[in-house]
Structure formats: C-alpha cells, structure tokens
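The values are calculated or read from the model by the stated rules, or taken from the named source; none is laboratory data. None of these values were measured; they are calculated from a predicted model. Backbone-built Cβ (ideal geometry, glycine too); neighbour counts: all protein chains shown.
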Amino acid sequence: MTAASEQRLPPRPLKWVVIFVSMAGNTLGKHLRLTTFGESHGNSIGGIIDGLPAGVEIDTEAVAFELSRRKPGQSKLTTARRESDEVEWLSGLWEGKTTGSPLAFRIANKDARPKDYGNMQDVYRPGHADRTYQEKYGIRDPRGGGRSSARETANWVVAGAIAGHLLPSELKCIAYVDQVGTIYAPALSTPDTTEIEAHPVRCPHAETAQEMEALIKATMEKGDSVGGAIRCVVTAAPAGLGEPVFGKLPARLGAAMFSLNAVKGVEFGSGFQAGSMFGSAHNDTYDAGGLPVSNHAGGSLGGLSTGAPIEFRVAFKPTSTIGQKQQTIDRSGQVVQLEAKGRHDPCVVPRAVPIVEALTLFTLADLYLISKTDRL
C-alpha cells in the first residue's frame, strides 16, 4: 500500500475505554500474609491470616488482651466510641491450635454512628483522605473515612498477637509513648511494661506522663488535636533477620509502620541525628562477645538484624478531624467552613502503642518464617 493510498483511508473510529479502579494493597507480609476487610462504620471488620504453620497453640485470651489495649473508649484521653472488640474466629483453629489453613476472624462494629458524618458527606476534611479517595475511586465511604479509618488497625492487633506465637519465647517487643507535642520522655533501653500500662498515656516515665496528660486534656478543651511519637524496642531478636537488598529489616519494618494511619516519620537507631555525627562516633564497636557496645545502628547492619536490640521511633501527626472551624472545599469545588463532628482521639499515640507492637511482631514473624524456610 502506497503512502498516497494510506492517506485516502477513512479515519479510525475512537474507542472509549472504561477503567474500573479497585482498592488493592489490602495484604501485609510475604510468607505470613494478612488480608483485611471492613470500614469504620460498616457491619464489621476482619481478616484472613495465611501462611500459619499447623499445630501452633493459640492463646486467644492473650489476643483479646492486646485488643483491649487498642480499643476505643478506654480512658478520658481517647475517643468516646465504645466497642467491645470481641474476636469471632471463623476458620483455621481446631481445639485451640492452628490447622494450617487460612485463619479467618471477624470483629463486629457495635457502636457505629454513621449519622455523625452527615455534614461531611460532600465536604473534604483538611488533612484527611477524603479528597484523595474521591479522586482515585470516584466514590468514597464518608462514614468515619470508611477504609481509611484507624478502626482497621484492630485487625492488625489480632494478626500481631497471633504472629507473636511464632517467634522465640525470649523475644520481647515493647513500645511506649516518648513524645506528645513538645513534651519528651527520657529514652529507656529496657522499658517496663507495668510502668507503661500504669498511665493511660502509656509513657513509663510517671512525671512526664502527667505532663502529657495535661497537654492532651487542654488540647481536647480547645477542640484541637496534638501529635506525638512512639519508641519501640525489640530484645533477643535472632541475628540475620531480613534480606540484604530490597527486603532489609528496617525497610520492612518501616513499610509496616508507614501503613499506620497518621505516621509521618520513622527512624532507626540514631536516626536523623546520624546526619550530624562523625563515623568515629557513630560506628558501633564490638565487645569480646561480638555484640555492639553502642547501638547507633538500631539493631541492624546491611539490612540484617545484629542480635542487638532493634530500636526505632515512629512519629504521628495530629488527628485530622478536629472540632475547630477550618476552611476547606466541597465536591463542587466551593470554599466552605467545616466544624467536624464525631468521636475522635485528640492524640492518637496512646492507643497506637499496641498497634506498633503488633506490626513489629507480624513483620518479624514473617521474616523469621522466611529465614527458617530458606534453611530447609
């Protein structure tokens, strides 16, 4: 066919392609996998844990205890929503032991109040995922943010408590609040869980906990919110956890932490302070037993755990939904004033402590199973 004849061909009709966008990314882990479902004010939330070995005895009371640490309404410093957060085990357990099949569970939403969000159905809350969800999917669940709500994290606490059964008994994972606003707690290498749970802020330093509580209460009275940070310390973790290139231990833990609502920063060991240090000060020298004398590396080198404590901090922004009037836009693009309603934590970090621990345990259990499989 000549160029001239090609020019005489009629133009091809346009083809309209409809692209349906689904919400991917609902699974955490590689060997051990958690897939979750549910919305904040829907019927229920839940998940499926796949990859669990058969014959593992599960302490369901321990799982319930961890959920009680995360559930709403546990103190005057948290949201007033009341949820019992009782787990209904659907499959994968027989006589208290895992069967090797997927472990499925469900948690009912018993205190959902979708009517609280009637004035936010067509308005985008500043700092929240309302607009990004609408832009990506063309539809969103306005009831408490739907899937973007931290209600989803109850599933993660269940999974973390289950994953803890797979790790060596000597391994301990302890997180605590070490910052609220501009108030900082002293760093503790061996925090005590009793002292952490003694105060609703979950800061083990009693005097600092009182200051943090006062700040959170003052913030609540103003209809505002405040950010904070959580420090996590893992002791007796086996050396060699992680993969040295794209599966580094800090990368896997960091990815899990950044999945948590409101997280804006994660630092391991000396973190950003390392940028102001010299190598002679930052390098962790070894003792006669082969363990680092200091722990600026935060428990990993080359992406692998060293056997020293795994230490990291997680920074959380202030809760987005606040009671003060803020300028925003509605779905038509009009500028409006929003005074949000509903029940929200004025500071998320006290309830986020067990979530940080759960994500850490789940990630470590996944890497632990991978290391065992690689040796077969």
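At a glance:
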| item | result |
| --- | --- |
| Entirely in segment 1-96, the strands (runs of 3 or more DSSP E) that have 3 or more residues that are modelled with pLDDT of 95 or more and surrounded by 19 or more Cβ atoms within 10 Å (Cβ to Cβ) | 44-50 |
| Verdict on V226 being farther than 29 Å from R33 by Cβ, free of Cβ contacts under 8 Å to residues at least 40 places away in the same chain and hydrophobic (A, V, I, L, M, F, W, C) | no |
| Residue that is surrounded by the most Cβ atoms within 10 Å (Cβ to Cβ) [pool: residues in segment 189-209 that are in a loop (DSSP other than H, G, I, E, B) and touching a residue at least 24 places away in the same chain (Cβ under 8 Å)] | C203 |
| Residues located in segment 257-291, provided they are small (G, A, S), under 21 Å from A308 (Cα atoms) and either under 13 Å from the mean Cα position of the chain (by Cα) or surrounded by 13 or more Cβ atoms within 10 Å (Cβ to Cβ) (or both) | G269, S270, G271, A274 |
| Every residue from segment 210-228 that is touching a strand residue (DSSP E or B) at 6+ places or on another chain (Cβ under 8 Å) and either of a type outside the set (A, V, I, L, M) or buried (at least 22 other Cβ atoms within 10 Å of the Cβ) (or both) | E211, M212, I216, V226, G227, G228 |
